[in-house]
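What follows is a short report on a single structure.
The values are calculated or read from the model by the stated rules, or taken from the named source; none is laboratory data. On a predicted model such as this, the values are computed, not experimentally measured, just so you know. Note that each Cβ is placed from the backbone with ideal geometry, even for glycine, and that neighbours are counted across all protein chains shown.
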Amino acid sequence: MSKLPVLLLSLGAAVASSAFAAAPAQAQTPAAQPSAAPASCPAVLHHTFKRLQDEAPQDLCQYAGKVVLVVNTASYCGFTKQYQGLEKLYSTYAPRGLVVLGFPSNDFKQEDADAKKIADLCYNTYGVKFPMFASTVVSGSGANPLYAELIKATGNAPKWNFNKYLIGRDGKVLEYFPSKVTPEDPALVGRIEKALKG
């Protein structure tokens, strides 16, 4: 009689042990599935660039679902004053989903080599609050991957500073605007408004 409780206890421990051993496999099943990304990132934004002010890497996928205006900028250009218009465009339409991305470039020999000077001009002279990135190549065979895609999609490489590319919420490259099309130009503003509604 005294052996029966011991036998039952042993049997119970064995069952509990096998149930415990099986538990981790079941617990891993939900963990393997949650990689359903909250929002898909379009291919054109699958790039990382260093931020101008501190060179911290920035994944452009953070702008997925927004209307994106990409602009190659320069500090010593006749069009440099467009920074003001770009900032106004950004502050006006950011609440509706627009982001302006500035890419300083010395491709046309009008950008400073010193990132601190570029940042000072952007932030202190023109009050820029939209994202700015470290100086980069935007034309020719050395164009960075984002610009290579924009050029391929539109058939237009930047011909000067302050060229503009508009990307829709779905990641489709919508249009190219040359330097002379200012941020206030009705053609650009109208296209942005249409993209924001889409």
Residues satisfying the stated conditions in the stretch 182-198, i.e. outside any helix (DSSP H, G or I) and surrounded by fewer than 17 Cβ atoms within 10 Å (Cβ to Cβ): GLU184, ASP185, GLY198
Test set (1) in contact (Cβ under 8 Å) with a residue 12 or more places away in the chain; (2) within 27 Å of GLU193 (Cα to Cα); (3) touching a strand residue (DSSP E or B) at 6+ places or on another chain (Cβ under 9 Å) - GLY85 fails condition number: (3)
Where a residue in the stretch 64-79 is within 12 Å of GLY171 (Cα to Cα) and its partner, wherever it lies, is at pLDDT below 95 and among the small types (Gly, Ala, Ser), with Cβ under 6 Å and at least six apart: ALA64/ALA39; GLY65/ALA39
Qualifying residue in the stretch 105-123 (condition: closer than 21 Å to LEU45 by Cβ and either over 21 Å from the mean Cα position of the chain (by Cα) or not charged (D, E, K, R) (or both)): yes
Selection count where residues are surrounded by fewer than 19 Cβ atoms within 10 Å (Cβ to Cβ) and more than 18 Å from ASN163 (Cβ to Cβ), scope the stretch 72-120: 14
The one condition in (1) at negative phi; (2) buried (at least 17 other Cβ atoms within 10 Å of the Cβ) that ASN156 fails to fulfil: (2)
Where a residue in the stretch 182-196 is farther than 17 Å from PHE162 by Cβ and its partner, wherever it lies, is assigned to a loop (DSSP other than H, G, I, E, B), with Cβ under 6 Å and at least six apart: ALA195/GLY168; LEU196/GLY97
Checking GLY198 against (1) closer than 26 Å to ASP59 by Cβ; (2) modelled with pLDDT of 95 or more; (3) of a type outside the set (A, V, I, L, M, F, W, C), the condition it does not meet: (2)
Test: GLY171 is within 18 Å of the chain's Cα centre (by Cα), assigned by TED's automatic domain parsing to the domain that holds PHE49, assigned to a loop (DSSP other than H, G, I, E, B) and more than 16 Å from THR73 (Cβ to Cβ): yes
